[in-house]
Amino acid sequence: MSDYRLTAEAVGKTFGRRLIFKDVNFSFENNGIHGIAGHNGSGKSTLVKIITGILGPSKGAISHTNGGKKIPVEKLHDFIGFVAPYLVLYDEFSAEENLRHFANIRGIQYDKERIDHLFNAFLLYDRRLDEVKTYSSGMKQRLKYIFAMMHRPKLLVLDEPTSNLDSAGKDTVYRLIEAESATSVVLIASNEGSDLALCRSVLQLENYKNNSN
Amino acid sequence: MKSFALFKKDLHSELRTRYAINALVMFILVTISVILFSIGSEKISETLTGGLFWVVIFFSAMSGLSRAFVSEEERGTVLTLHLIASPNTIFSGKLLFNLILVFAMNIVIALLYSVLFDSFIIRNFSLFFLAFVLGNIGIAAASTIIAAIIAKTGSKGTLYPVLSFPILLPLILILLELTKFAIDGTVIGESLVELTVLVCYDVVILTASYLLFDFIWKD
């Protein structure tokens, strides 16, 4: 089990004058699956981007600690895996070339055994040498999972985790998310009942829009 | 090492897509051809040839160097970069890519110039070489940070030359002066002020870029 803790303290975000959410507080640690729910435009993607350090909060702070030590923002990417419909990998490279480049840029070894296992689990092994531009949207979504899991992240953030996936793809994803949650914190931002059914706790973003929360 | 890996990714991507190389090669060929056609059989002065040399370089840089960040933004891969590297790594990798591109581009321009223009005669090669190297570093550094700024805007194509002009103008003016000295055969000792300004420009741009990039990249 990991010793990872993700904490949000009074996190708020505004775009111009528009309030997206305010005073969001939570703390997730070690492992397990947690959810962020809310209707379209409620700020789920904004919150996960703040959690992953892609966006800064307007108020409050997010902190990530590993083994009791705070992780600086510039090192955060080593601890996080992220999947989202708006995440785009390099079309001109094959799946394997993409992952090799990512491993090199992260400064880690290309773990062939782990990545081949993931290619097999997501049914992409036979297509791993084909350019990503020839992939269907479902295959691209499965490749994003391999990208997110290849470096054994302590925090796996999944925004709309089953978009573009067929029922077989969804089953595979649910099985792997549950397996991954034994050793890392998994955070799911979704409206899908079947996605949220996996979660130990669910944060309703609608509750963080006004002063009455 | 991580920056070098990012540079290798960009180089690999460039060799596959020819995103910047094609634009640069075409721009260099077209600009030099237009200058040759407009000169015709007239003999232009050595100073003017030196000036036109940097004009070609400036506009070629404008056409190709913004690609480092603009292509990532247009393809939507910026988020992927956020997830695999720190801002410092990203800036260093992109800067390295632009440096190699600027040096390759300018060496080609210099070779074409020396072959095609009779009046492009460098009498103090060491001085020209120093100005060339320091100037390329300045162009690459300034272009990279400007590309990072404009990549997030709507009218990238227009904004890049507009924003680049005031930032690159002092550099181009010094380079014009030093090229004139090199053509005249002035010794390095008499060009120390200009060379010092060039070094200072590079240091200021590089320092400001590394300090600012974190903010530009984040939001």
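The values are calculated or read from the model by the stated rules, or taken from the named source; none is laboratory data. Nothing here was measured: the structure is a model prediction, and the numbers come from that model. Here the Cβ positions follow ideal geometry from the backbone for every residue, glycine too, while neighbour counts run over all protein chains shown. Heavy atoms of the whole protein, side chains included, go into the accessibility calculation; ligands, DNA and RNA do not. Shrake-Rupley method; radii C 1.70, N 1.55, O 1.52, S 1.80 Å.
Values for this structure:
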{"read-out": "Within chain A: Cβ-based charge dipole about Cα centre, in debye rounded to nearest 20 (Lys, Arg +1; Asp, Glu -1)", "value": "760"}
{"read-out": "Along chain A, longest interval not containing exposed chymotrypsin sites (Phe, Trp or Tyr not before Pro), exposed being DSSP loop plus at most 16 other Cβ atoms within 10 Å", "value": "A:111-213"}
{"read-out": "Longest to shortest principal axis, alpha-carbon extents of the protein assembly as shown, angstrom", "value": "80, 50, 36"}
{"read-out": "27 Å Cα-Cα threshold exceeded, pairs from A:K49/B:K94; A:K112/A:K140; A:K69/A:K170", "value": "A:K69/A:K170"}
{"read-out": "Gap separating the Cα centres of the stretch B:77-96 and the stretch B:1-69, nearest whole Å", "value": "24"}
{"read-out": "Loop sites in the stretch B:35-87: trypsin sites (Lys or Arg not before Pro), DSSP, at most 10 other Cβ within 10 Å", "value": "B:K43"}
{"read-out": "Shape category assigned to the stretch A:109-161 from the gyration tensor of Cα positions, a/c cut at 1.5", "value": "oblate"}
{"read-out": "Using a Förster distance of 25 Å, the FRET efficiency for A:D126-A:A179 (Cβ separation, nearest 0.05)", "value": "0.65"}
{"read-out": "Å² per residue, accessible surface of the stretch B:83-197 at 1.4 Å", "value": "40"}
{"read-out": "B:L130 - accessible surface, heavy atoms, 1.4 Å probe, Å² rounded to 10", "value": "70"}
{"read-out": "Surface share of carbon and sulfur [accessible, 1.4 angstrom probe, percent] for the stretch A:4-208", "value": "47"}
{"read-out": "Debye, to nearest 20: dipole size of the protein assembly as shown, +1 on Lys, Arg Cβ, -1 on Asp, Glu Cβ", "value": "840"}
{"read-out": "Net charge over other residues, Cβ less than 12 angstrom from the Cβ of A:L99 (K, R count +1; D, E count -1)", "value": "+3"}
{"read-out": "Helical contribution to [θ] at 222 nm, DSSP H n ≥ 4, -39,500 (n - 2.57), averaged over chain A, rounded to 500", "value": "-8500 deg cm²/dmol"}
{"read-out": "Global geometry of the stretch A:24-110, whether rounded, prolate or oblate, following the gyration tensor of its Cα atoms and the 1.5 cut on a/c", "value": "oblate"}
{"read-out": "Inter-site label distance for B:S155 and B:I216 at 7 Å from Cα along Cβ, in nm", "value": "2.0"}
{"read-out": "Candidates A:P153, A:P161, A:P85, ranked by Gaussian network fluctuation over chain A, Cα under 10 Å, top entry", "value": "A:P85"}
{"read-out": "Loop-located GluC sites (Glu not before Pro) in the stretch B:5-94, at most 14 other Cβ atoms within 10 Å (DSSP)", "value": "B:E42"}
{"read-out": "Unit charges on C-beta of K, R, D, E only; dipole of chain B, Debye", "value": "720"}
{"read-out": "Principal-axis tilt of helix B:21-39 within chain B, Cα atoms, nearest 10 degrees", "value": "20"}
{"read-out": "FRET efficiency estimate (nearest 0.05) - Cβ-Cβ, A:S194 to A:L19, R0 25 angstrom", "value": "0.25"}
{"read-out": "Separation of the B:L111 and A:N164 label points, Cα + 7 Å toward Cβ, nm", "value": "4.2"}
{"read-out": "Residue with peak Gaussian network fluctuation, chain A [Cα springs, cutoff 10 Å], from A:G56, A:G68, A:G138", "value": "A:G68"}
{"read-out": "Selection from A:I146, A:Y110, A:S58, by position along the positive dipole direction of the stretch A:4-208 (Cβ)", "value": "A:S58"}
{"read-out": "Theoretical FRET efficiency, 1/(1+(r/R0)^6), r = Cβ-Cβ of B:V193 and A:K70, R0 51 Å, to 0.05", "value": "0.60"}
{"read-out": "Label point distance in nm, A:S58-B:F59, each placed 7 Å from Cα along Cα→Cβ", "value": "4.6"}
{"read-out": "Spatial separation of Cα centroids for the stretch A:112-163 and the stretch B:118-192, in angstrom", "value": "45"}
{"read-out": "Rounded accessible area of A:T52 (nearest 10 Å², 1.4 Å probe)", "value": "10"}
{"read-out": "Computed [θ] at 222 nm, deg cm²/dmol, chain B (DSSP H ≥ 4; -39,500 (n - 2.57); rounded to nearest 500)", "value": "-28500 deg cm²/dmol"}
{"read-out": "Solvent-accessible ranking of A:K112, A:K154, largest area first, probe 1.4 Å", "value": "A:K112, A:K154"}
{"read-out": "For chain B, built as a Gaussian network whose Cα springs stay under 10 Å, the top-fluctuating residue of B:T179, B:T80, B:T49", "value": "B:T80"}
{"read-out": "Sequence of A:T134, B:T144 from largest to smallest accessible area, 1.4 Å probe", "value": "A:T134, B:T144"}
